[in-house]
Amino acid sequence: MAGHSKWAQIKRKKAVNDNKRGQHFTKLIRAITVAARSGGGDPSMNPRLRLAVDTAKAASMPADNIERAVKKGTGELEGVEYQEVTYEGYGPGGTALLIETMTDNPTRTVNEIRFVFSRNHGNLGTSGSVAWQFERQGQIFVAAHRYDEDSALMAALEAGATDLRKEGEAYVVSTDLPTFGAVQEGLKAAGIEIESAELAMVPRNTVAVAGEEARKLIKLMDALDDLDDVQKVYANADIDEAAFAEAGA
């Protein structure tokens, strides 16, 4: 069981179903604002913004919130200037972690991340220490119970995907960056509904983590994700399925 994909699925469900909804919206708003600032406010001309808006809509964010976030990014409304900063570190079980943030105060953010690592059996690394172990890919999530796996795989490959695998309750469709949008459109044309999609940092190889080390790793990833400035947390971990239940995830 690939750690990030399973963990990401749990995070999406919790963001919708519990009191973390507000924090989840805050992170989505930052993603929209930064995307609009970097590529303009028209989603049809800005793929990154289109993805951020689609993700926000899937999370049932009100249209007014999305519109304000776009306008803050384009400068039509006053807003905070966010920087994108990636941090790297090491977690339990010999795992490597990447933490993507959007922050208006990098000094505050790095101090918070360092504190979380120190309290959860991890260490903050230097720039470049683990990034080489990951590569950027598109990941598209489809509800597994709704579609036959062979049919879903065929549709994904015909649309240009590189892989489809079942993880938990979802099929995870992997794509190269240039085909990310085309694969989504191909799946939709084949009648397959997409639950969510993201550009993720996927590990080139994984480390098997089980038992107490797996529970510690999940706790560390949860604590990092709970920080307001953190957008995404990735680990090169193949986490034992039982650890998620034991950790209460």
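Tabulated data
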{"quantity": "DSSP loop trypsin sites (Lys or Arg not before Pro) with at most 16 other Cβ within 10 Å: longest gap in the chain", "calculated": "21-203"}
{"quantity": "Two-decimal ratio, region 109-249, of alpha-carbon radius of gyration to 2.2 N^0.38 Å", "calculated": "1.18"}
{"quantity": "Gain in span if fully extended, TRP132 to ALA190, counting 0.36 nm per residue against the direct Cα distance", "calculated": "17.3 nm"}
{"quantity": "Selected from VAL53, VAL70, VAL207 as most flexible by GNM, with the chain as the system and alpha-carbon contacts under 10 Å", "calculated": "VAL207"}
{"quantity": "Region 23-132: mean projected area of Cα convex hull, nm²", "calculated": "8.1 nm²"}
{"quantity": "GluC sites (Glu not before Pro) restricted to DSSP loop in region 186-245 with at most 13 other C-beta within 10 Å", "calculated": "GLU193"}
{"quantity": "Area accessible to solvent at ASP228, 1.4 Å probe radius, in Å²", "calculated": "90 Å²"}
{"quantity": "Positive minus negative residues near LEU177 (Lys, Arg vs Asp, Glu; Cβ under 10 Å)", "calculated": "-1"}
{"quantity": "Square roots of 5 times each gyration tensor eigenvalue, C-alpha, region 166-243, largest first, Å", "calculated": "28, 15, 12"}
{"quantity": "For the chain, share of DSSP beta bridges that run antiparallel, in % to the nearest 5", "calculated": "90 percent"}
{"quantity": "For the chain, convex hull volume per residue from C-alpha positions, Å³", "calculated": "126 Å³"}
{"quantity": "Potential lengthening between ARG146 and ARG50 on full extension [0.36 nm per residue; Cα-Cα distance subtracted]", "calculated": "32.0 nm"}
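The values are calculated or read from the model by the stated rules, or taken from the named source; none is laboratory data. Everything numeric here is computed off the predicted structure, so don't read it as measured data. Note: ideal-geometry Cβ built from the backbone for every residue, glycine included; neighbour counts use all protein chains shown. Only protein heavy atoms, including side chains, enter the accessible area calculation; ligands, DNA and RNA are left aside. Shrake-Rupley method; radii C 1.70, N 1.55, O 1.52, S 1.80 Å.
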